[in-house]
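The values are calculated or read from the model by the stated rules, or taken from the named source; none is laboratory data. These numbers were taken from a predicted model, which means no experiment stands behind them. All Cβ positions, even for glycine, are placed from backbone atoms using ideal geometry, and neighbour counts span all protein chains on display. Accessible surface is based on the protein model in full, side chains and every heavy atom, while ligands, DNA and RNA are left aside. Shrake-Rupley method; radii C 1.70, N 1.55, O 1.52, S 1.80 Å.
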Amino acid sequence: AVLNANYLMSRLKHVFNLPVNRKCMHEFILNDKGIPNGITTNDISKRILDYGFHSPTVYFPLLVHGAIMIEPTETETYDSLQKFIEVMIKIREECDREPEKILGAPHNTPVKRVDTVLAAKKPVLKWGE
């Protein structure tokens, strides 16, 4: 996990802002500093879903604005790490060239973007029917 996290960090720190640039243990954070078109970490995490990856933890720790925590496990293969890197690079390019793809994501999931304010104010706390 340590090797995987440091590998991803070294490959992605030139694509996204890396607020803490030092060796990491098993996780590291990037953030949305410098991302154009009003795109936030939350938007990026939704777009990641379109590429078949589970969305990373966002906005934690609260000490770093717009943080996205990348935490690969020790069981990730080199190929899966490479695919994730390619996806993150593509998403960063979309932020510049096709912001509507990012701002409207996810596009390929059964549940589209959830209204988080409404979900917090009126949560649905039942399991199926």
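Before moving on, here are some points about what is shown:
- Using C-alpha pairs below 8 Å separated by at least 6 residues, the relative contact order for the chain is 28 percent.
- Within the straight-line cut-off of under 18 Å between alpha carbons, the aspartates and glutamates reachable from K23 are E71, E74, sequence neighbours fewer than 8 places apart in one chain being disregarded.
- Remark: the chain carries 64 Å² of accessible area per residue (probe radius 1.4 Å; ligands, DNA and RNA excluded).
- Carbon plus sulfur fraction of accessible area for the chain, probe 1.4 Å, in percent: 58
- Among the listed pairs K101/K121; K46/K121; K13/K90; K46/K101, those beyond 18 Å (Cα-Cα): K101/K121; K46/K121
- Gaussian network model of the chain, Cα within-10 Å springs - most flexible of A105, A67, A119: A119
- Charge tally in the Cβ shell below 10 Å around T109, where Lys, Arg are +1 and Asp, Glu are -1, T109 excluded: +2
- In the set (i) 1.03; (ii) 1.19; (iii) 0.98, the label that goes with Rg/Rh (Cα atoms, Kirkwood Rh) computed for this structure is (iii).
- Taking label points 7 Å from Cα along the Cα-to-Cβ direction, K90 and K126 give a separation of 3.9 nm.
- Tilt relative to the chain, helix 2-12 - C-alpha long axis, 0 to 90 degrees, to 10: 80
- GNM remark for the chain: springs join alpha carbons under 10 Å apart, and the peak mean-square fluctuation among E93, E76, E27 falls on E76.
- Candidates T41, T73, T116: whichever shows maximal mean-square fluctuation once the chain is modelled as a Gaussian network with Cα springs under 10 Å: T116
- Neighbourhood charge, 13 Å Cβ-Cβ cut-off, centred on F28 and excluding it, Lys, Arg +1 and Asp, Glu -1: +2
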